[in-house]
Amino acid sequence: MELHELDELIIGLGIEPTDEELEELCEAFENDFVNNPFTVNGLNVKVISHNSKVDGFEEYPETFVHLITRKSKSGHRVFDRNRANRVHWIKCILQNRDEEEVLCFKHIEGNGAIRDYYWYEAEDFLVIMEEVTPDYIIITSFYIDDNYNRNYYRKKYEAYLKNQA
């Protein structure tokens, strides 16, 4: 699939998904990452497949739950339809990472982890990966929904470019 062909998976997905919608989202996730494995830069793209500990999502794989939820102000993870409805974008973005529409950069996190960022800027969607040899683990992905975060990631990208010069 091409980047410009990406669209929301479930038209009209609400704030509280139905069981059927969750199943459809999980099927898309499993189709991309479990049933059809692929590599990026020679590394196997991997997900954490044991069941999540997040309330209400215990029957789903940990990475999947992380990709469809976000941390709320109270610290609990809650369903995020903007993330969830783009779960099928992750593989496409990774496979099209060399396209000019995808901004790729590395960032050293506060804990010292070196993570790779793939930002499909035109659609404000970011995928974060980490190399854990011999695998490439999906850390998270999300829709950038405000200017504060858009500027935050733009600064990270520009700092990376500056350090490459």
Residue list for the stretch 95-132, given a label point 7 angstrom along the Cα-to-Cβ vector of N163 and an amide N cut-off under 19 Å: 103-119, 127-132
Give, as ranges by residue number, the residues of the stretch 135-165 whose backbone N falls under 16 Å from the point 7 Å along Cα→Cβ of E109. 135-142
For the stretch 24-58, list residues with backbone N below 15 Å from a point placed 7 Å from the Cα of K71 toward its Cβ? 54
Given H placed 1.01 Å from N in the peptide plane, which residues other than close sequence neighbours of T69 have an amide H under 5 Å from its amide H? D80
Starting from the 7 Å offset along Cα-to-Cβ, what nm value, one decimal, do you get for the label separation of E101 and E121? 1.4
Cα-centre dipole for the chain with unit charges at Cβ (Lys and Arg positive, Asp and Glu negative), debye to 20: 1060
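Every number in this text was worked out from the coordinates using simple rules, so none of it is lab data. This structure is a prediction, so every number in the text was calculated from the model and none was measured. Positions of Cβ are backbone-derived with ideal geometry, glycine not excepted, and every protein chain shown enters the neighbour counts.
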